[in-house]
């Protein structure tokens, strides 16, 4: 574990806590894409299939459980919580994410560490995570004003993978024969997708104005 | 035997 990876995991955890806070505090999920939340639930379930078979550390197992449980809890809230579900932007959150799931799985069948169920699903989860934010970014563009907590959620969610890229560079330089081509390539694509969001987020922070993504 | 692709990261 190095400082970049710890910062990445803590930033990821912070983003999830911010989203939980927003939904709990405002009893509303306006501006949040349920499709992105469902994609993240799929990402975590298929990435951590080894949750019960490979024990790496208490930290690793604990974080996996937190990620799976929180993503499922958020999806449950947005679908079934009597108050929260009413604020879901159903008519704006229309990204046809089936293609993202299909393309990620197809790519995982071609490019994986090993041709086994666990490894193909692991690669699938890596590719799917790279594009999982798309429905959320589209929703932000469509829904005019973005509330602060939702903006912060997306910001930290994008920042966590940038820390992971620093972690991979650090490990590549310090550990012999360390390679993470699948996660690394996918992580760069994932972080690049946030580029314009980061730009408008920085502008809104600099001008102390409301975050606004151009439609 | 081929080392399993170690996924020590989250």
Legend entry - Two-site label geometry, residue A:10 and residue A:206: point separation in nm, points 7 Å out along Cα→Cβ: 2.8
Legend entry - Residues A:29, A:77 arranged by fewest to most Cβ contacts within 10 Å: A:77, A:29
Legend entry - Structure-based [θ]222 nm, chain A - -39500 (n - 2.57) summed over DSSP H runs of at least 4, per residue, nearest 500: -23500 deg cm²/dmol
Inset, instruction - Take A:201, A:48, A:153, A:170 and order them by how many other Cβ atoms sit within 10 Å, fewest up front. - result: A:170, A:201, A:48, A:153
Legend entry - Ratio Rg/Rh, restricted to the stretch A:102-215 and using Cα atoms, in which Rh is the Kirkwood radius: 1.06
Inset, instruction - For the protein assembly as shown, state the semi-axes of the equivalent ellipsoid (square roots of 5 times the eigenvalues of the alpha-carbon gyration tensor), sorted largest first and rounded to whole angstrom. - result: 29, 20, 17
Inset, instruction - Taking every pair of alpha-carbon atoms in the stretch A:35-81, give the share separated by more than 12 Å as a whole percent. - result: 61
Legend entry - Peptide A:139-152 - average C-beta neighbours from other chains (10 Å radius): 0
Inset, instruction - Run the quick spin-label model on residue A:142 and residue A:96: label points 7 Å from Cα toward the beta carbon, then report their separation in nm to one decimal. - result: 1.4
Legend entry - Segment residue A:103-residue A:66, length gained on full extension (0.36 nm per residue, minus Cα span): 10.6 nm
Inset, instruction - Pull out the extension gain between residue A:192 and residue A:26, defined as 0.36 nm times the separation in residues minus the alpha carbon to alpha carbon distance; nm, one decimal. - result: 56.7 nm
Legend entry - Cα principal axis extents for the stretch A:1-96, largest first, Å: 41, 24, 23
Inset, instruction - Provide the FRET efficiency to the nearest 0.05 for the residue A:115-residue A:80 pair, computing r from the beta carbons and using R0 = 35 Å. - result: 0.40
Inset, instruction - Give me A:83, A:146 ranked fewest to most by other Cβ atoms within 10 Å of their Cβ, as a rough exposure proxy. - result: A:83, A:146
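Taken together, the values in this text are just the output of simple stated rules run on the coordinates, not laboratory data. Here the structure is a predicted model, which means the values were calculated and not measured. Please note: Cβ atoms are built from the backbone with ideal geometry, for glycine as well, and neighbour counts cover all protein chains shown.
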